[in-house]
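Undergrad: Dropping a structure here in structure tokens format, bear with me for questions.
The values are calculated or read from the model by the stated rules, or taken from the named source; none is laboratory data. Predicted, not measured: the structure shown is a model, and the values here were computed from it. Note that we place each Cβ from the backbone using ideal geometry, even for glycine, and neighbour counts take in every protein chain shown. Accessible surface is based on the protein model in full, side chains and every heavy atom, while ligands, DNA and RNA are left aside. Shrake-Rupley method; radii C 1.70, N 1.55, O 1.52, S 1.80 Å.
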Amino acid sequence: MLTDIFSSPWFLAAWAALMIPSQVVLIRDLARNNSHLMSLMKLVWALTVLYSGPIGLAVYWTCGRKEIARDSIWRRGFRSVAHCYSGCGLGEIIGVTIAVGLLSLGNYGTAAITFLFAYVIGFLLTFGPLVQDGMPVPKALKDTFIAETPSIAVMEIVAIGVDLALAGSAGMGDVIFWSSIIVSLSCGLFAAYPVNLLLLKFGVKEGMMDPRMTDHGHDHEGAHSHHHEHAMSHG
């Protein structure tokens, strides 16, 4: 049943019909109402909507705009997981394309390559801003490893598992190859959300800054509880 649905070109057409308008709404809102957000977070939200369409837009609308009534740990959790998701999703797409399209690897090789790319890009998306803000490289490496590894691991184990379960040995020319990526990415997003909540609750992560408080500054993913956003400038 699911295989038949995801093998239909109509599934991809329906997905595009949902994702493209969601992306348009996001871009318009960022330009008109939330241009103060730093460039990195604008990219995070654009990738989140690209991967998850209206689901990603709903996360942005309820958690990532200055128009939210108040902030809360569940909103911080969604901003945190979106930050992780944007990098990991990009890595997953690159990894699975290389593994299947270029190397023609089997399931185990595809899983390994995909996880590697997802982990590296997700890691760098946190590590880079920390170093840019002046944190020593050894400390940035340690803090990023501690903060991001649990989230990335859960996200990618679920996403890659769902992808392989749905697509199996499908090639890049098969509709289900792309459909399974769409479905698996959103599954990884939801699986990693409670992990990010726990990381925030226990102070391993700070999460992204309240979007209502960034008119005069920029924010980045705090990799450890004692590392606060600093070096403020407009995003």
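Undergrad: Going through the stretch 144-197 one residue at a time, which ones are acidic (Asp, Glu) and either on the phi > 0 side of the Ramachandran plot or out of contact with any Asp or Glu (no Cβ under 9 Å at 6 or more places or on another chain) (or both)?
TA: Matches in the stretch 144-197: Asp174 only.
Undergrad: Looking only at the stretch 112-143, count every residue that is on the phi < 0 side of the Ramachandran plot, open to solvent by 40 Å² or more (accessible area, probe 1.4 Å) and not in a helix (DSSP H, G or I) and tell me the total.
TA: Selection size over the stretch 112-143: 1.
Undergrad: While we're looking at this one, here's another question. So, of the residues in the stretch 140-160 that are more than 20 Å from Met208 (Cβ to Cβ) and not small (Gly, Ala, Ser), which turns out to be nearest to the chain's Cα centre (by Cα)?
TA: Checked the stretch 140-160; the qualifying residue nearest to the chain's Cα centre (by Cα) is Glu156.
Undergrad: Same structure, new question: Check whether at least one residue in the stretch 178-199 is open to solvent by less than 40 Å² (accessible area, probe 1.4 Å), in contact with a helix residue (DSSP H, G or I) (Cβ under 7 Å, 6 or more places away or on another chain) and more than 30 Å from Asn34 (Cβ to Cβ), and report yes or no.
TA: Yes, because at least one residue in the stretch 178-199 is open to solvent by less than 40 Å² (accessible area, probe 1.4 Å), in contact with a helix residue (DSSP H, G or I) (Cβ under 7 Å, 6 or more places away or on another chain) and more than 30 Å from Asn34 (Cβ to Cβ).
Undergrad: Looking only at residues that are under 19 Å from Pro211 (Cα atoms) and among the small types (Gly, Ala, Ser) in the stretch 12-65, which one is surrounded by the most Cβ atoms within 10 Å (Cβ to Cβ)?
TA: For the stretch 12-65, the residue satisfying everything is Gly56.
Undergrad: If you don't mind, another one. Looking only at the stretch 67-104, filter to residues that are among the charged types (D, E, K, R) and assigned to a loop (DSSP other than H, G, I, E, B); which one of those is most open to solvent (accessible area, probe 1.4 Å)?
TA: This residue is Arg70.
Undergrad: Just to be sure before I move on: is Leu40 touching a residue at least 40 places away in the same chain (Cβ under 8 Å) and assigned to a helix (DSSP H, G or I) in the structure I sent?
TA: yes
Undergrad: Here's a check for you: in the stretch 202-220, which residue that is at pLDDT 75 or above and touching a Ser or Thr at 6+ places or on another chain (Cβ under 9 Å) is surrounded by the fewest Cβ atoms within 10 Å (Cβ to Cβ)?
TA: Phe202
Undergrad: Do you know which residues across the stretch 133-146 are closer than 22 Å to Gly207 by Cβ and free of Cβ contacts under 8 Å to residues at least 60 places away in the same chain?
TA: Lys139, Leu141, Lys142, Phe145
Undergrad: Now a separate question. Going by the conditions given, is Leu2 surrounded by fewer than 18 Cβ atoms within 10 Å (Cβ to Cβ) and at pLDDT below 95?
TA: Considered against the rule, which asks whether it is surrounded by fewer than 18 Cβ atoms within 10 Å (Cβ to Cβ) and at pLDDT below 95, Leu2 comes out as yes.
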